[in-house]
1. Which percent, nearest 5, of DSSP beta bridges in region 80-301 are antiparallel?
2. For the chain, what relative contact order do you get, as a whole percent, if you take Cα pairs closer than 8 Å and at least 6 residues apart?
3. How much space per residue, in cubic angstrom, does the convex hull of the C-alpha atoms of region 17-78 take up?
4. Any idea how far the Cα center of region 104-177 sits from the one of region 38-84, in Å?
5. Where does region 80-301 land on the Kirkwood hydrodynamic radius, alpha-carbon pairs, in angstrom?
6. Please list 340-351, 47-58, 391-402 highest first by mean number of surrounding beta-carbon atoms within 10 Å per residue.
7. Where does the Debye-calculated log10 I(q)/I(0) of region 258-365 sit at q = 0.19, 0.24 Å⁻¹, using only Cα point scatterers of equal weight, no solvent?
8. Divide by every residue of the chain the summed helix terms, -39500 (n - 2.57) for each DSSP H run of at least 4, and state the resulting mean residue ellipticity at 222 nm, rounded to the nearest 500 deg cm²/dmol.
Amino acid sequence: MSKKDKKNSDFRYDTGEARIPWAAVGEVIREDDIMALIKFLVAADKGKQKKYTSQLKRVSKEIAKLGEYGQPATKLSLGKNVSKLEAKTCKMLNADHALFLTNATAGFEIAYKFAGLKPGDEVIAPAITFIATIAYPLSIGAKVVLADVDPMTINMDPADVAKKITPKTKAIIPVHIGGRPVDMDPIMELAKKHDLTVIEDAAHAFGAEYKGKMIGTVGDFGAFSFHEVKNINSLGEGGLLVSNSSFGPDLSKSRFLGLDLSHKIKNWLYDVVALEGKDGFFAAGNHSSTEIQALCLMEQMKRLKKIIKKRRDAAKYLHERFRNIDGIIPAAEDTADSKSTHHLFLLQIDPEITGGDIQILKKKLEDKGIINIQHFAPLYKFSIMQQLGYDTDALAKSCPVAEEMFNRRFTHLPLYDFSKKDITYIADTVIDCINEMKSAQ
């Protein structure tokens, strides 16, 4: 993103040099605010409250001293850190344009608007994903068509997508579940053939690769999440939208209400413009992001490769332990063409061999202290679909693999910087539980 684009797109009060300037920050962040943040981010350990309190007083005094030699931040939203983060993202992903937002859901919304999605249009999404993937289409009365999933990855099945394209289809939104890349080539071929916009839901996949391209840059748009549970986060919430499309130069206007400083109306500071998407103009929303979040995310981005490697090593260990266990179905591993972020570990079983379905295994694992979560329930199971007029029984029948996988075959194990003891316990316990199920037949 060029400096010109940034300057002409994002507006906050910052009048610069003047006898009586209008400050960008109404009330500056003071020492007490900083200390409250520190106490939240670094809480006391049990049994160490006395030492913690003593150290906290020392930190408070030092911060007060630091304030004697420095000045408080004069820009808290959409400033230099946001610009640096976006430039860093473009370089890392080989993307032309990047936009730091409140969350990935905002990124999907903006991408759908540029795609020209309107009431009555159709969007193809995978049956298994988080509701955020389809929140905007549902909110405007577009029709969500659910594609079945690949049983090896739980990702969108391109063959089923091909069957469900109609003249009303406007966009496809593949979701890289757990950080595992969707097979994007056939998706992109279908999009080219039918003139469809491809929006990658890469919420789990910041740093994943597909055939030499970074995930998020294969489609027309890619949106990432930096919610607190992700591999890296921006203080609990945050998202990035990237694009190499012709709409890229207008992305920054789409973040903040279409404000345009390159053109001022008479007697005022700026103009407000509608943005042109694929099929006409649309009004922008407000998804502004903060400087502190951007700074935090940039620091964590420095550790991303190491974080993914640790997760990959943990996944590799689990693969090796499960590979020869009858009844556990090996999940897809990294290849030269497909590299996951290993946000989640996909665990699948064959109920006919194990003598029970995944619901039994899930309960056994939870009883032994291993929390496992199926990411996610099929969308047609939620009340919102029926409440908005969808025939959920018909949707379930149209996605037989998703129905079978969710009810009987898959769950996800957590992956992060486990100790050797913990990762060994996970593997041993899964195998023990599988053996218990077989013995009960």
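Where a number appears in this text, it was derived from the coordinates with a stated rule and is not lab data. Predicted model, so just to flag it, every value in this text is computed and none were measured. Don't worry about glycine lacking a Cβ; one is built from the backbone with ideal geometry, like all the others, and counts go over all protein chains shown.
1. On the way: 19 of 33 bridges.
Close to 60 percent.
2. Values: 823 pairs, mean separation 76.2, N = 441.
Across the chain, relative contact order equals 17 percent.
3. Working: hull volume 5.9 nm³, N = 62.
In region 17-78, the Cα hull volume divided by residue count equals 96 Å³.
4. When both Cα centres are located, 43 Å separates them.
5. Numbers: mean 1/r = 0.0572 Å⁻¹.
This gives a value of 17.5 Å.
6. Numbers: 340-351: 23.1, 47-58: 10.8, 391-402: 16.2.
Packing order, densest peptide first, comes out as 340-351, 391-402, 47-58.
7. These q points yield log10 I(q)/I(0) values of -1.03, -1.27.
8. Per the formula, -11500 deg cm²/dmol.
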